[in-house]
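Below: one structure, written as structure tokens.
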Amino acid sequence: MAQWNPFEEMESLRREIDRAFEGFGGRAEPSRRVAFLPGSSPRRYPLVNIFEEGDKVNVQALTPGLDPQSLNVDIMHNRLTLSGEKIGIPGDVRPEAFHRSERASGRFVRTVDLPVEVNEQEVQAEYKNGVLLVTLPKAEKAKPKQISVKVA
Amino acid sequence: MAERTVATNGQNQSFPGREVTRSQERYVTPPVDIYETSQGLVVKADLPGVEKENLDLQVENNLLTIRAKPTEVTPGEPVYREYELVNFFRQFELNEKVDQTKISAELKHGVLTLQLPKAEEARPRKIEVRVE
């Protein structure tokens, strides 16, 4: 039995639209194989993965080289906002001293709409090896409930 | 600093020390910054999710090889995915003017910083000009 899930519908529509507009600027859609594309689109940095684990939602973001002081995780109305600053190369390096410059740097903000309602009080975030993991426990009403069937 | 060819499939055998296995190993090239200082070259590479133990750096026959295996923690069922952590691999040909014995590496917050000091004879020297 197929179930109509408005959240999933909206999410897939959003993804479709994202995909349609991604071609602008002459850059093809980053494939899943690409672990990290610097500055491919400011709107899409950092790349995130979302996992569901029992009564928790885990959001993982690929954020190497951040200044941990600048890292900010906010949550409001089921919207997770990640912001921070990626440390660049010290300013005293002259432009002609560069052989290669592929790593983007600077400030970023990204908002992620969460698939379920979460308990905003108990959100935890951890930054390890350049990967940010935000753990969001589901709100009480979003947890699955077992209903016992009375057999008459 | 010239970059070596970067293969995209397991069939390419031009890499020294990359054994061929049955399953096609997948890897990506990490983005790097390379710049020169008065001391030598600095290489910075983004290697998110890599622990120190899973980073393999080699310098052999003037060839610098960066190999890294990220530890992918997948907490739960994936709902939405934008990236996949696969192995990192990249090679650079070093100029012989690098003092290969004094290379130092640091891995912090998923960023590798390599210091490649110039060999003594390659450092710029001030030459005094005497005008008579």
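Using equal-weight Cα scatterers in the Debye expression, the normalised intensity of segment B:45-132 in log10 at q = 0.12, 0.14, 0.15, 0.17 Å⁻¹ is -0.52, -0.63, -0.69, -0.80. For segment A:42-62 and segment A:80-131, what is the separation of their C-alpha centers, rounded to whole Å? After rounding, the separation between the Cα centres reads 13 Å.
Between the amide H of B:Leu63 and those of B:Leu94, distances stay under 5 Å, these residues lying 5 or more places away or on another chain, with hydrogens modeled in the peptide plane. The 3J(HN,Hα) values that the Karplus relation (6.51, -1.76, 1.60; θ = phi - 60°) gives for segment B:64-79 are, in residue order, 8, 10, 10, 10, 8, 10, x, 8, 8, 9, 10, x, x, 7, x, 9 Hz. Gly and Pro appear as x. Share of carbon and sulfur in the accessible area of segment A:46-142 stands at 43%, probe radius 1.4 Å. Straight Cα distances below 23 angstrom link B:Lys52 to the lysines A:Lys86, A:Lys128, B:Lys44, B:Lys69, B:Lys102, B:Lys108, with same-chain residues fewer than 8 positions distant left out. Between amide H atoms placed 1.01 Å from N, distances below 5 Å from A:Ala125 occur with A:Thr135, all of them 5 or more places distant or on a separate chain. Straight-line reach from A:Lys141: which aspartates and glutamates have a Cα under 19 Å away, not including same-chain ones fewer than 8 places off? Candidates past the 8-residue exclusion: A:Glu8, A:Glu52, A:Glu53, A:Asp55, A:Asp113, A:Glu117, A:Glu120, A:Glu122. Under a 5 Å amide H cut-off, with hydrogens placed 1.01 Å from N, B:Leu47 pairs with B:Val111, B:Leu112 among residues at least 5 apart or on other chains.
Spacing of the modelled spin labels on B:Ala105 and A:Lys150, each 7 Å from Cα toward Cβ, amounts to 6.8 nm. The residues of segment A:93-123 occluded by other protein chains by 10 Å² or more of accessible area, set against the chain on its own, are A:Val93, A:Ala97, A:Phe98, A:His99, A:Arg100, A:Glu102, A:Arg103, A:Arg110, A:Pro115; surface from heavy atoms, 1.4 Å probe. Compute log10 of I(q)/I(0) for segment B:59-109 with the Debye formula, placing one identical point scatterer on every Cα and leaving out solvent, at q = 0.28 Å⁻¹, to two decimals. Calculated log10 I(q)/I(0) at the listed q: -1.19.
The contact between chain A and chain B removes approximately 3900 Å² from the accessible area (both sides summed; 1.4 Å probe; ligands, DNA and RNA excluded).
Here r is the Cβ-Cβ distance between A:Asp18 and B:Leu63 and R0 is 51 Å; the resulting FRET efficiency, rounded to 0.05, is 0.80. On a per residue basis, the convex hull of the C-alpha atoms belonging to segment A:46-142 measures out at 100 Å³. Rounded to whole numbers, the Karplus 3J(HN,Hα) couplings from phi for segment B:49-54 are x, 9, 8, 4, 5, 9 Hz, using 6.51 cos²θ - 1.76 cosθ + 1.60 with θ = phi - 60°, and x at Gly and Pro. Do any residues of segment B:44-90 show a loss of at least 40 square angstrom of accessible area between the isolated chain and the full protein assembly, using a 1.4 Å probe, and if so which? Residues shielded by partner chains are B:Asp46, B:Pro48, B:Glu51, B:Pro75, B:Val79, B:Tyr80, B:Arg81, B:Glu82, B:Tyr83, B:Glu84. Using θ = phi - 60° in the Karplus curve 6.51 cos²θ - 1.76 cosθ + 1.60, the 3J(HN,Hα) couplings for segment A:137-150 round to x, 5, 5, 3, 6, 8, 6, x, 10, 8, 10, 7, 8, 8 Hz; x is entered for Gly and Pro.
Quick one: net charge of A:Ala97's neighbours, Cβ under 12 Å, K/R +1, D/E -1? Please report the intermediate quantities before stating the final value.
Values: positive: A:Arg94, A:Arg100; negative: A:Asp92, A:Glu96, B:Asp33, B:Glu36.
With Lys, Arg at +1 and Asp, Glu at -1, the net is -2.
Heavy-atom accessible area with a 1.4 Å probe sorts A:Lys86, B:Lys118, A:Lys141, B:Lys102, largest first, into A:Lys141, B:Lys102, B:Lys118, A:Lys86.
The values are calculated or read from the model by the stated rules, or taken from the named source; none is laboratory data. Computed from a predicted model, the values in this text were never measured in an experiment. So basically every Cβ, Gly included, is an ideal-geometry build from the backbone, and we count neighbours across all protein chains shown. Please note that ligands, DNA and RNA were not included when accessible areas were found on the heavy atoms of the full protein model with its side chains. Shrake-Rupley method; radii C 1.70, N 1.55, O 1.52, S 1.80 Å.
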